[in-house]
Amino acid sequence: MVSQARAWADRRFFVLAAFPAFALVAAVTVVPIVLSIWLSFTHYGPTSQSLNWAGIGNYEAIMSGPNASFAHKAIIDTVVFVGGGIAIETVLGVLFAVVLARPMRGITLFRVLFLLPLMVNVVAATIAWGALLNTSQGWVNYFAHGLGLAMVNWLGSAHTAMATLIFVDSWSGVPLIGIIVMAGIMALPRAPIEAARVDGASTFAVFWHVVLPGVRPVLAFAVMFRVVNLFGQFAEIQLLTNGGPGVATTVMNFFVYEQAFVNGDVAFGAALAVVMVVMMAVPLVVLFHIARREA
C-alpha cells in the first residue's frame, strides 16, 4: 500500500514538473494551428477584416480562384523541392554514413569536418552561398570560366534556380542525415554482419540485406526531421531568390507568407497553410509507419 502511494506521488510529481513544458509547447504549436484553421474559414483579407464565417470559400479559391494557378504552381514546386531534397540528402547521407562508420585512421577528423555545415548559422551560410553563386562575381562561375565552361545564372534562371536551391539546402541536410545514420550503423550488433561476411556475402549485399534494414527506423526518423525542415524552409528562399525568378521557386511556405503578410489576405494564406500541413503529414505518416514496422 505504501509503495503504491509512493508510486502515485512520484507520478504526480513528474506530471506537475512536465506540465509547464507541455503548456509552452501547446501555446506555440497547438494554438497557432487551431487559429490558422479557424481563420481559413473566415473572410479576413485585405479588403475586409471581417471574421464572419466563409465556409470552404478560401479552399475553393485555391482550386479555382484568381490565384489558383499560382497556388497549384506552389504545390508542384513544393513537391519538387521537398522530394528532390530528400532524395539527394538520403542517398548521399547514407553513403557518407557508411564511410564514416568504418574504423579508419583519422576518421574522427573527417567526422568533425563533416559536421561543420551544421555549426554554421543558416542566414550566414545562405549569404555566403549567394556570393559564391553570383553570376558575374561568384567563385563558382569564376572557376567554371577558367575551365572553359559557360557562366550560368544559377539563381536568376528559371531552369536552374530550383536545382540550385535544392543543392544549397542539401549542403546542411546531408550531414544531418549522415550523422544520424552513422550513429545507427555504429550501434548495430556486429554478429549478423560478420556472419554474412563469413557466408561469402559481398560488401553491397551486407549493406543492403543486413545494415540497411537495421538502420531503417533511424533513417526514417532522420528523413522525417528533414521533411519538416524542407517544408518550413524560408530563409534560404527569401535570401537567394525571393521566390523567383518569377514564381519559379515560390514553394508553399513562401506563398503563404506572400499571401498572408505581403498581400494581407490572411484567410486565404491560412487556408494555404492548412493545405501545406496536410501535404507534410502524408510523408510523415508513411515514414512513421515504416519506422514502427521495422523497429
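Which one of Met182, Met186 is surrounded by fewer than 17 Cβ atoms within 10 Å (Cβ to Cβ) and over 15 Å from the mean Cα position of the chain (by Cα)? Steps first, please.
Details: Met182 fails: surrounded by fewer than 17 Cβ atoms within 10 Å (Cβ to Cβ).
Result: Met186 is the single residue among Met182, Met186 that is surrounded by fewer than 17 Cβ atoms within 10 Å (Cβ to Cβ) and over 15 Å from the mean Cα position of the chain (by Cα).
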query = Which condition number does Leu92 fail, the rest of (1) in contact (Cβ under 8 Å) with a residue 60 or more places away in the chain; (2) more than 14 Å from Ile177 (Cβ to Cβ); (3) aliphatic (A, V, I, L, M) being met?
reply = (2)
message = If a residue counts only when it is more than 30 Å from Asn67 (Cβ to Cβ), of a type in the set (Val, Ile, Thr) and out of contact with any Lys or Arg (no Cβ under 9 Å at 6 or more places or on another chain), which helices (runs of 4 or more DSSP H) contained entirely in segment 166-275 have at least 2 such residues?
response = 190-198, 212-231
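Evaluate segment 280-294: report whether one residue or more is in a helix (DSSP H, G or I), closer than 15 Å to Ile62 by Cα and within 21 Å of the chain's Cα centre (by Cα). Step through it out loud before you land on a result.
Quick first cut of segment 280-294, residues in a helix (DSSP H, G or I) only: 280-294.
Checking which are closer than 15 Å to Ile62 by Cα leaves us with none.
No: zero hits.
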message = Consider segment 157-167. How many of its residues are touching a Ser or Thr at 6+ places or on another chain (Cβ under 7 Å) and surrounded by fewer than 21 Cβ atoms within 10 Å (Cβ to Cβ)?
response = 1
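For Ala260, are the conditions met, namely being under 30 Å from Thr29 (Cβ atoms) and over 16 Å from the mean Cα position of the chain (by Cα)?
Details: under 30 Å from Thr29 (Cβ atoms): yes; over 16 Å from the mean Cα position of the chain (by Cα): yes.
The answer is yes for Ala260.
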query = Of the residues in segment 184-223, how many are touching a helix residue (DSSP H, G or I) at 6+ places or on another chain (Cβ under 7 Å) and among the aromatic types (Phe, Trp, Tyr)?
reply = 2
inquiry  = For segment 262-273, give me each residue that is surrounded by fewer than 20 Cβ atoms within 10 Å (Cβ to Cβ) and over 13 Å from Tyr44 (Cβ atoms).
reply    = Val262
inquiry  = Could you go through segment 145-156 and let me know if any residue there is within 30 Å of Asp77 (Cβ to Cβ), out of contact with any Ser or Thr (no Cβ under 6 Å at 6 or more places or on another chain) and among the aromatic types (Phe, Trp, Tyr).
reply    = no
request  = Determine if segment 142-156 includes at least one residue that is outside any loop (DSSP other than H, G, I, E, B), modelled with pLDDT under 95, of a type in the set (S, T, N, Q) and out of contact with any Lys or Arg (no Cβ under 6 Å at 6 or more places or on another chain).
outcome  = no
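Based on what the data block shows, is Val174 closer than 26 Å to Ala101 by Cα and loosely packed, with under 15 Cβ neighbours inside 10 Å?
Working: closer than 26 Å to Ala101 by Cα: yes; loosely packed, with under 15 Cβ neighbours inside 10 Å: no.
No; evaluated as a whole, the condition is false for this residue.
Could you list, in sequence order, the residues of segment 223-241 that are more than 10 Å from the chain's Cα centre (by Cα) and aliphatic (A, V, I, L, M)? It would help to see each step written out before you state the result.
To start, the set of residues in segment 223-241 that are more than 10 Å from the chain's Cα centre (by Cα) comprises 234-241.
The answer is Ala235, Ile237, Leu239, Leu240.
The values are calculated or read from the model by the stated rules, or taken from the named source; none is laboratory data. In this text the structure is predicted, and so the values were computed from the model without any measurement. Cβ coordinates were reconstructed from backbone atoms using ideal geometry, including for glycine residues, and neighbour counts include every protein chain displayed.
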